[in-house]
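Remarks on the structure that follows.
The values are calculated or read from the model by the stated rules, or taken from the named source; none is laboratory data. As the structure is a prediction and not an experimental result, all values here were calculated from the model. Here the Cβ is made from the backbone with ideal geometry for all residues, glycine too, and neighbour counts use every protein chain on show. These accessible areas exclude ligands, DNA and RNA; they are computed on the full protein's heavy atoms, side chains included. Shrake-Rupley method; radii C 1.70, N 1.55, O 1.52, S 1.80 Å.
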Amino acid sequence: MFAQGLARTTQAYGDRIATIDGDKVQNWKEFGDRISRIAGGLRSIGCQSGDRIAILAATTPEHLATMYAVVWAGCVLVPLNTRLSPDELDHIVSQSESKALASDIRNLAGAESVMSTTKNALKTIAMDEGAAGEVSLDELAKSASIDVWTAEMSDLFALYYTGGTTGLPKGVMVSDGAAGVQALNMIFDTGVTEKTNYLHAPPLFHLAGATVANACAFAGAAQTFLPEITPDAYTKTVVEKKVTFISMVPTMLVDMLEAPNADQAFQSVETFAYGTAPIPEALLRKVLDRCPDVKLVQIYGQSEVTGPATVLRPEHHTLSGPFTDKLASAGIPIMCHEVRIADEDGKTVANGTTGEVLIRGPGVMMGYWQQPELTAKTLKDGWLHTGDAGIMDGDGFIQIVDRLKDMIITGGENVFCGEVESVIAEHPEVSICTVIGLPDDKWGERVHAVVVLEKGAEMDFETLRDHCRKSIAGYKCPKSADFTTDPLPLSGVGKIRKDLLRKKYSN
């Protein structure tokens, strides 16, 4: 299904722009020809259908072309997080039994480390000048093009390895049908068309970036790339390249709003999608106030559901009217998917009750690669157990409360970090914050806040605690806090690394 979607785009939208990289522009006919030739090149070096091919690269047109060439050839994509350690990279390449590794100059050290340690007989591909590899991507692109691979919906499309914050990364098996359906869902929910110009921010190695890219590819839209994602460069490019669609995580948005030309950039954008982590309602209200004409779309999802699971549509982002109370939610289930909230026994709980978010539908993973026990624990009776705590209201809107593993049990009471973080974020002196549980002799765990202050701002613990007491119960309020102007540690997709903060502040 997926490769046929790409082939259709090259036929239907051949003259429309596919990629923009500075002054370099390709249309879909040119880009599609390069993809099919690289696919032919993969076959020429011995890669056959079903073989796993790993990619370690920055988000560039070359990365996108290599991704799609892998699919075009009927091989299995193995994206590598560029922020992983050498040991983690070696684990993924070895555990996935990858046949080839494509990498770029920006990830030379990581690629060389994998090449020197892996036990696999790897074919290595240099994606640009100076990269490590026995054959270059340009050389592969000189090969004869091949016909697009016709996959079954149940065929393995990709192995997306999770971040590994609680152990070694595990490979999420994504089917060809799941990748295709989710691309179509993104088109439906975000309004992507052949006239869209999308500016990349989330990395292609993560489904937050890949699923939007796939939607653009299916719709024949343009995709714009930046060598370095900084607030100034990003907002400047939005204006210069007439970008109509942007997507980012809340931690990135905070910095983008402070860029010198932010107002001009956000006023010219038609659609802004956000997700991968909850957004504080105070920040969301700031965006709505500054960018009243932008269509906001929130996406909640997981790698285990091939990206999106729920969507909060533009009409639900409002400061007045019947949907005002939906701003704190993650919206309703995406097309063709069911979501329910269940207790520890898997039984559906009443509306308004906190429980685990369960998902069923075509986007749900096939399982974890070579981990049958973990698969059986996560997939039960056809339902994906997400590990997220959520609440469903009477209208079917789902609010994501927290990760179950991040829930703090203090003095016998359950505290969800997201609720406390939203309250803290409403204080005008706060730029961004996170809440973690720390060991405590009296309470078992105590609520600890790590607060990044606005430039020039000052705050003490009593001020913070008094602010929180106005909105939440005393046991939910922080019992300790650290104030800083330094950025919080982030994962490759902009999620706050709470595991690192727990380690830091527990010592």
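Looking at this structure, is residue 437 among the small types (Gly, Ala, Ser) and surrounded by fewer than 19 Cβ atoms within 10 Å (Cβ to Cβ)? Answer is no for this residue.
For region 13-26, the criterion of being assigned to a helix (DSSP H, G or I), of a type outside the set (Phe, Trp, Tyr), under 23 Å from the mean Cα position of the chain (by Cα) and farther than 24 Å from residue 155 by Cβ is satisfied by no residue at all. Within this structure, residue 296 fails the test of being among the hydrophobic types (A, V, I, L, M, F, W, C) and either part of a helix (DSSP H, G or I) or closer than 30 Å to residue 367 by Cα (or both).
Of the residues making up region 496-507, none is farther than 18 Å from residue 280 by Cβ and open to solvent by less than 30 Å² (accessible area, probe 1.4 Å). For region 473-491, the set of residues classified as crowded, with 16+ Cβ neighbours inside 10 Å and in a loop (DSSP other than H, G, I, E, B) consists of 477, 478, 479, 488, 491, listed by residue number. Checked against the criterion of being closer than 19 Å to residue 413 by Cα and open to solvent by less than 60 Å² (accessible area, probe 1.4 Å), region 453-467 has at least one qualifying residue.
Table: residues versus (1) touching a residue at least 40 places away in the same chain (Cβ under 8 Å); (2) of a type outside the set (A, V, I, L, M); (3) open to solvent by 10 Å² or more (accessible area, probe 1.4 Å).
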residue	(1), (2), (3)
27	no, yes, yes
30	no, yes, yes
33	yes, yes, yes
38	yes, no, no
41	yes, yes, no
44	yes, yes, yes
52	yes, yes, yes
67	yes, no, no
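When residue 59 is tested against (1) in contact with a Lys or Arg (Cβ under 7 Å, 6 or more places away or on another chain); (2) part of a loop (DSSP other than H, G, I, E, B), only condition (1) is not met.
Matching residues to (1) touching a Lys or Arg at 6+ places or on another chain (Cβ under 6 Å); (2) farther than 28 Å from residue 171 by Cβ; (3) assigned to a strand (DSSP E or B):
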{"site": "3", "(1), (2), (3)": "no, no, no"}
{"site": "11", "(1), (2), (3)": "no, yes, no"}
{"site": "48", "(1), (2), (3)": "no, no, no"}
{"site": "53", "(1), (2), (3)": "no, no, yes"}
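Look at (1) closer than 17 Å to residue 245 by Cβ; (2) of a type in the set (D, E, K, R); (3) within 21 Å of the chain's Cα centre (by Cα) and you find that residue 304 fails only one, number (1). Just for region 448-507: of the residues that are out of contact with any strand residue (DSSP E or B) (no Cβ under 9 Å at 6 or more places or on another chain) and among the polar types (S, T, N, Q), which one is farthest from residue 405 (Cα to Cα)? Restricting to residues being out of contact with any strand residue (DSSP E or B) (no Cβ under 9 Å at 6 or more places or on another chain) and among the polar types (S, T, N, Q), the top hit is 463. For region 81-116, filtering for residues that are in contact with a strand residue (DSSP E or B) (Cβ under 7 Å, 6 or more places away or on another chain) and free of Cβ contacts under 8 Å to residues at least 24 places away in the same chain leaves 1.
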